[in-house]
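The values are calculated or read from the model by the stated rules, or taken from the named source; none is laboratory data. Quick caveat, the model's predicted, so the values are computed rather than measured. A quick note on method: Cβ atoms are made from the backbone with ideal geometry, for glycine too, and the neighbour counts reach across all protein chains shown.
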Amino acid sequence: MIKIVLLIFCLVISKIAYSESDIDQWKDSKKTYKDLIDEGFEVKAYDTNTINVKEGIIILLFITVLQKDNIIFECQEYQTLDDSMATLDMSLICRKLSQPYNRGLGI
């Protein structure tokens, strides 16, 4: 009996609650720093962070905020280094500020 009540409860709650996995206010972009600068964006903020991971691995994080008029991009660059400072991996993603796509759970 308890299992049936729990099942019905879960079904009712799943119909009431609205879940959207894509509610972020930053949309991924294929643009690079160069693309944005060529389009007239200016660097408004810049920050770095270093994370020392065990076994001599270092992760460098660079965050840059670029703006042109009321359009804002945030670019995040991740660089993984070994103990001899050789680059093991590097990635860059720029995201455009936007309205969140949908409201999240229960709203």
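Of the residues making up segment 97-107, just one is surrounded by 12 or more Cβ atoms within 10 Å (Cβ to Cβ) and either of a type in the set (A, V, I, L, M) or modelled with pLDDT of 95 or more (or both), namely L97. For segment 9-51, filtered to residues that are hydroxyl-bearing (S, T, Y) and part of a helix (DSSP H, G or I), the residue that is modelled with the lowest pLDDT is S14.
Restricting attention to segment 69-88, the residues that are within 22 Å of S98 (Cβ to Cβ) and loosely packed, with under 14 Cβ neighbours inside 10 Å total 2.
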